[in-house]
Amino acid sequence: MTAMIDHIRLSQQAKDQLTQLKRKTKLTHFNEICRWAFCLSLAESSAPSVKNFRNDSPLEMSWRVFGGKYQDVYLALLKQRCVNDGLALDPETLAEQLKLHLHRGIGYLAADIELKNISYLLKKVLAPNL
């Protein structure tokens, strides 16, 4: 499967939130946190709100960096979510949905006052109702 998304650019607010999350979790790369955020947003039953995010941050990553060796899995997850939400699978829609899910997931993580370290993220995944 080839990536239909070349680059991901995030807003300044998302960059600031990622910087804060990086300090809390001790994860070393933004793409690692973005993967958590993306999956957290995908797990939400509702579709993310359509917003126009300003590309006012220099933070940009390639699809390859975002997805790493599992980029095909992340693309399949994104496509399945688009199908579930009744959306097209064209490159523009996929790129927009990725951006919406990333921003929503980053916002969720940044707003979680209990998030103080990486082990909390693991607990949240393994026992989400605790």
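The values are calculated or read from the model by the stated rules, or taken from the named source; none is laboratory data. These figures come from a predicted structure and were not determined experimentally. Keep in mind that these areas ignore ligands, DNA and RNA; they rest on the heavy atoms of the full protein, side chains included. Shrake-Rupley method; radii C 1.70, N 1.55, O 1.52, S 1.80 Å.
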Along principal axes, Cα extents of the range 9-60, largest first, whole Å = 30, 25, 15
request  = Measure off, as a whole percent, the carbon and sulfur share of the 1.4 Å-probe accessible area of the chain, all protein chains present.
outcome  = 54 percent
note = Only helices counted: for the chain, with every DSSP H run of 4 or more residues adding -39500 (n - 2.57) and the sum spread over all residues, [θ] at 222 nm is -18500 deg cm²/dmol
note = Computed over the range 3-95, protein heavy atoms only, probe 1.4 angstrom, the accessible area per residue in square angstrom equals 58 Å²
message = Rounded to whole Å, give me the distance from the Cα center of the range 11-53 to that of the range 86-120.
response = 5 Å
ask   = Among the listed pairs Lys79/Lys116; Lys15/Lys51; Lys99/Lys123, which are separated by more than 24 Å between their Cα atoms?
value = Lys79/Lys116; Lys99/Lys123
inquiry  = If every alpha-carbon in the chain counts as one equal scatterer, what log10 I(q)/I(0) does Debye give at q = 0.09, 0.19 1/Å?
reply    = -0.24, -1.12
ask   = Where a Cα-Cα gap under 20 Å defines reach, which aspartates and glutamates qualify for Lys69, not counting those fewer than 8 residues away within the same chain?
value = Asp6, Glu32, Glu60
